[in-house]
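For reference, the structure discussed in these notes is given below.
What follows is calculated from the coordinates using simple rules that are stated; it is not laboratory data. In this text the structure is predicted, and so the values were computed from the model without any measurement. Cβ placement follows ideal geometry from the backbone for every residue including glycine, while neighbour counts extend to all protein chains displayed.
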Amino acid sequence: MSYEYLYPYVEKLKDKPFRADYFMEKITSTGLNPTAVRVDNDRGSVIVYFPDKLGSKDEEKLNKVVEEIFKSWWDDK
């Protein structure tokens, strides 16, 4: 199962691109264990892969951590 997130400020990613390992580290620190994370800095896309669909609490946790990462990118620019 995959979950895709789109960063709304794609132009900022030219100066400070997302790194999949950073997302993986932040997501696993919440107790979630994705199988992979893929970023596409040209589109502002982050895709997080799990072996199965997440339950609602885990999905909410994933949404929150990705939102926090996105916000930290906004605050840094």
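Which residues, taken from region 21-51, are of a type in the set (Val, Ile, Thr), touching a Phe, Trp or Tyr at 6+ places or on another chain (Cβ under 8 Å) and surrounded by fewer than 16 Cβ atoms within 10 Å (Cβ to Cβ)?
First, the residues of region 21-51 that are of a type in the set (Val, Ile, Thr): 27-28, 30, 35, 37, 39, 46-48.
Filter once more, keeping what is touching a Phe, Trp or Tyr at 6+ places or on another chain (Cβ under 8 Å): 35, 37, 39, 46-48.
Within region 21-51, just Thr35 meets the criteria.
Step by step: first the residues of region 23-53, then only those that are within 10 Å of the chain's Cα centre (by Cα) and basic (Lys, Arg), then the one that is farthest from Lys71 (Cα to Cα). Which residue is that?
Arg38
Could you tell me whether Tyr9 is touching a Gly at 6+ places or on another chain (Cβ under 9 Å), in contact (Cβ under 8 Å) with a residue 40 or more places away in the chain and surrounded by 11 or more Cβ atoms within 10 Å (Cβ to Cβ)?
yes
Looking at Ala20 and the list (1) touching a residue at least 40 places away in the same chain (Cβ under 8 Å); (2) small (Gly, Ala, Ser); (3) under 16 Å from Phe70 (Cβ atoms), which single condition is not satisfied?
It is condition (1) that Ala20 fails.
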